[in-house]
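Comments concern the structure below.
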Amino acid sequence: MKFLFNGIDHVQLAAPKDCEEKARFFYGTILGLPEIKKPETLKGRGGCWFQYGNQELHIGVEEDFREAKKAHPGLIVTNLEELKRILLAYQIDIKEEPAIEGRSRIHVSDPFGNRLEFLEFTQE
């Protein structure tokens with residue numbers, strides 16, 4: 001029997017030790033993602049988890065942390081213009097990107113230097 005891919009449960013981004021406060025401010029306060037409880041067996045590892053639509057976004061502590069400058073999640077949003085307004089209000093640098101067929105998009109860096117892409121599907 002063949003197996004089937006059914007979707008993505010979560011994306012994990014790495015961050016340095018003691019990242020939780022900055023992660024909660026950026027992902028929770030600025031982006032408005034609700035934080036979800038980590039399983040008891042994983043709490044000792046540090047980091048924090050957030051709900052992103054039907055998926056989860058995990059911020060995990062990496063001992064020898066290096067930011068992901070090229071690799072990145074592509075996160076779908078509704079109302080990209082409103083997201084840009086919020087990011088600018090917090091003085092977060094936005095890199096405008098050329099649209100890809102049917103998608104408007106921007107890149108930003110989280111507080112740890114990880115690249116994030118936000119995309120909005122457009123009607124054409």
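Listed values, structure above:
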{"item": "Filter pass, GLU67 being in contact with a strand residue (DSSP E or B) (Cβ under 6 Å, 6 or more places away or on another chain), of a type in the set (D, E, K, R) and either modelled with pLDDT of 95 or more or surrounded by 11 or more Cβ atoms within 10 Å (Cβ to Cβ) (or both)", "result": "no"}
{"item": "Every pair of residues 6+ apart whose Cβ atoms lie under 6 Å, when the first sits in the stretch 79-99 and is in contact (Cβ under 8 Å) with a residue 24 or more places away in the chain and among the small types (Gly, Ala, Ser) while the second is surrounded by 10 or more Cβ atoms within 10 Å (Cβ to Cβ) and part of a loop (DSSP other than H, G, I, E, B)", "result": "none"}
{"item": "Identity of the residue in the stretch 16-48, within 13 Å of GLU62 (Cα to Cα) and basic (Lys, Arg), that ends up surrounded by the most Cβ atoms within 10 Å (Cβ to Cβ)", "result": "LYS17"}
{"item": "Residue count for the stretch 87-124, restricted to those that are surrounded by 15 or more Cβ atoms within 10 Å (Cβ to Cβ) and either touching a helix residue (DSSP H, G or I) at 6+ places or on another chain (Cβ under 9 Å) or at positive phi (or both)", "result": "12"}
{"item": "Qualifying positions in the stretch 1-15 - surrounded by 10 or more Cβ atoms within 10 Å (Cβ to Cβ) and among the small types (Gly, Ala, Ser)", "result": "ALA14, ALA15"}
{"item": "Wholly enclosed strands (runs of 3 or more DSSP E) of the stretch 1-89 bearing at least 1 residues in contact with a Cys (Cβ under 6 Å, 6 or more places away or on another chain)", "result": "55-61"}
{"item": "Any pair with Cβ under 7 angstrom, 6 or more apart, that starts in the stretch 1-26 at a residue that is touching a residue at least 60 places away in the same chain (Cβ under 8 Å) and ends at one that is assigned to a loop (DSSP other than H, G, I, E, B) and of a type in the set (Val, Ile, Thr)", "result": "none"}
{"item": "Subset of the stretch 59-86 (residues that are under 23 Å from LEU42 (Cα atoms) and touching a helix residue (DSSP H, G or I) at 6+ places or on another chain (Cβ under 9 Å))", "result": "ILE59, GLY60, VAL61"}
{"item": "Any hit, the stretch 37-57, residues being more than 13 Å from the chain's Cα centre (by Cα) and within 24 Å of GLN123 (Cβ to Cβ)", "result": "yes"}
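The values are calculated or read from the model by the stated rules, or taken from the named source; none is laboratory data. The model shown is predicted, which means the values in this text are computed figures rather than measured ones. Note that we place each Cβ from the backbone using ideal geometry, even for glycine, and neighbour counts take in every protein chain shown.
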